Each structure stands twice: as C-alpha cells, then as structure tokens.
1. Quick one: if you stick a label point 7 Å off each Cα along the C-beta vector at Ala171 and Glu152, how many nm between them?
2. What spacing in nm lies between the two simple spin-label points modelled at Ile107 and Val91, each 7 Å away from Cα in the Cβ direction?
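Just so it is clear, none of the values below were taken in a lab; they were calculated from the coordinates. None of these values were measured; they are calculated from a predicted model. Cβ coordinates were reconstructed from backbone atoms using ideal geometry, including for glycine residues, and neighbour counts include every protein chain displayed.
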Amino acid sequence: MTREREPQSFAVPGAKQAPAAVALPREPRALSGQDLERIEEAQIDVFDQVDAEAPPPALPKRRRGLRLGRIFAAAFGLLVSFAVGLWAERVIADLFARSEALGFIGIGLAAIAALALVAILIREAMALARLQSVTRLRTECERVLRDGRLAEARSFVDRLKAHLAARPETAAGRAHLDALRDDVMDGPDLVRLAETELVAPLDAEARRMILDAAKRVSVVTAVSPRALVDVAYILFESGRLIRRLAELYGARPGTLGYFRLVRNVLAHLAVTGVMAVGDEFVHQVVGQGLAARLSAKLGEGVVNGVMTVRVGLAAMEVVRPLPFNAVKRPSVADFIASLASFATRRERETPTPQQ
C-alpha cells in the first residue's frame with residue numbers, strides 16, 4: 001500500500017513571490033518572575049567606553065588674519081612718525097641756524113619728549129599685560145577646576161596671590177591660605193577656598209561701588225533739567241565705575257587698556273542683552289506700587305541707576321580674575337531693593353511745592 005505524499009509548496013521560476021506574512025505585535029503584558037530570571041546583563045556596556053575624565057572638546061578658535069583697519073592704523077602711524085621726525089629735525093636745524101644755544105636747547109627738549117614717550121609706551125604695555133593676565137587667570141582657573149590636579153591648583157593660587165598682593169583687603173585671606181596650604185589636598189577645593197578668601201572681600205567692595213554709583217546717577221538724573229546732562233553724567237559715572245572696578249581687581253588699565261576694557265564691557269552687555277528699556281522694564285525694576293508712589297522724574301532716575309548697576313556688573317564679570325564658582329554671582333535684583341528704598345526716602349525728604 002503506497003503512502004500519500006503530504007502537499008508541499010514550490011517556487012515557480014519567474015513568478016512573483018507573495019509577500020511574507022507580517023507578525024502581529026504582541027499584546028503588552030506584565031513580566032512574571034520567570035521572565036525576570038531570564039533577563040541577562042549585557043556583556044558590553046557602551047557607557048563604560050566613555051572617558052569621563054576626558055576634557056570637553058575645545059571651542060573652534062576664531063580665525064585671525066590681517067584686517068584692513070590694522071593695516072591702515074599701522075601705515076598711518078608710521079607716516080605720522082616720519083612726519084613728526086622730519087618736523088623735529090627741521091625745527092632743530094632752524095634753531096641751530098639762529099643760535100647754537102637754541103639748537104642745544106631744542107635737542108634737549110626733543111630728548112625729554114622722546115624719553116617721556118617711551119615711558120608712556122612702557123606704562124601702556126604694562127597695563128595691557130595686566131589686563132591680559134586677568135584673562136589668563138580666568139582661563140587657567142577653568143582648566144584647574146576641570147582637571148583637578150593639586151600641583152597646578154597650588155601654582156595657580158600662588159599666581160592669584162601675587163596678582164592681588166597690592167590690595168590690602170586680601171591680606172587676611174592670603175595669610176589664611178598660607179596657613180591652610182598643606183591641609184587642602186584637593187585642587188578644585190583649594191581654588192574655591194582661594195576665591196572665598198581672596199576675591200570675596202573684593203566682591204563686597206565692588207558691590208558697594210556699584211550701589212554708590214547707581215545712587216549718584218539716580219539723584220543727578222532726577223534733579224537735572226536737561227536730558228543731555230543725564231546722558232553725559234551717566235557716561236561719566238559708568239566710565240569712572242569701570243576704571244575703579246578694574247583697579248579694585250588688580251587690572252589698573254592705562255589709556256589704551258581703558259578703551260579696550262570699555263569695549264569688552266560693551267561687548268558683554270551686547271551679548272547678554274541687558275540694554276532693554278521701556279515701560280515694561282520700568283515696572284519690572286521698581287514695581288507697579290513703587291512706580292505709582294514715585295514722581296516721574298525720580299522714577300526715571302531709578303531706572304538710570306539700574307542701568308548703571310548693569311554696566312557695573314558687566315565690568316565686574318570682565319575684570320574679575322576668577323569666574324563665579326564658590327561665590328554667588330550678583331544680579332540686578334540684589335540692588336533693586338536698596339535703590340527702591342533710597343528713591344522712596346528721597347521722595348519723602350523732597351519738599352513738595354505749596355499750592
């Protein structure tokens with residue numbers, strides 16, 4: 001008796017294959033105890049391959065090249081130098097033609113002027129170097145906090161103490177750091193301790209300078225009769241505040257360094273976007289209740305004082321040798337209460353005109 005063959009499928013050459021059956025998704029269900037026992041840990045963990053101690057990728061450096069402005073300034077400066085030299089040589093020759101004594105006097109005056117110019121250039125170069133040292137300290141501080149090496153942290157703290165050695169406010173902090181030098185064995189902790197002991201007293205003095213400048217601006221702009229006087233005094237007070245903050249943190253800029261510092265402060269203000277003014281900004285600063293109690297002129301003075309605070313905080317960020325880490329970064333809100341109470345007190349003390 002023959003056995004029947006079970007039916008089978010076979011592929012026909014050249015025929016179109018039927019699509020495979022699609023598996024239906026499994027209904028969600030809770031895992032049981034047996035399922036949990038079958039779960040095995042992966043042999044390779046991709047997170048173990050990540051180097052946690054690797055430094056973050058460096059930011060792309062800005063491309064530096066020859067600029068037309070620099071070329072023009074260099075060429076024009078050389079041309080002016082040649083013109084001044086030829087003019088001085090002609091003047092001295094004319095003096096010798098008139099009298100030999102006048103000629104030697106002219107040579108002496110030219111030598112004194114040349115020596116004074118060299119001294120000015122050396123002073124400006126030293127001022128620019130001090131500003132550059134602040135930038136280097138901030139960069140090195142970030143690197144030490146990231147790497148955490150104790151030897152580099154101690155070297156950095158020594159340079160920071162040398163940078164702030166001229167400030168009497170840091171004398172107690174320098175003595176405390178010297179006493180605890182061998183007790184702190186962690187690099188970032190040593191840097192944070194240096195910020196607390198050396199820079200925090202300067203931060204307190206900087207806040208006082210900023211608040212005093214804001215109060216002066218608010219008073220002067222409240223009583224000045226012209227808007228031009230307001231703008232002139234705000235610019236004067238802001239410029240003086242920037243220079244005083246730079247001297248406080250050990251930068252001491254010269255003339256060229258001061259212009260460079262002002263440019264950096266304005267760039268910081270532009271980046272952070274803090275130059276917004278208007279009615280909403282007024283209500284945000286002084287509050288609707290205080291704005292209703294103050295006169296329009298005094299309210300304008302408070303707003304100008306707040307703008308001075310913003311300029312001072314931007315300058316503080318630029319000239320501070322360390323980034324804010326162990327010390328809380330000051331904000332405008334820290335000064336609003338003092339300015340508001342000062343404006344309210346001025347409003348009460350100002351006599352009202354009799355009807």
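1. According to this spin-label approximation, the distance is 3.5 nm.
2. With each label point 7 Å from Cα toward Cβ, the separation is 1.7 nm.
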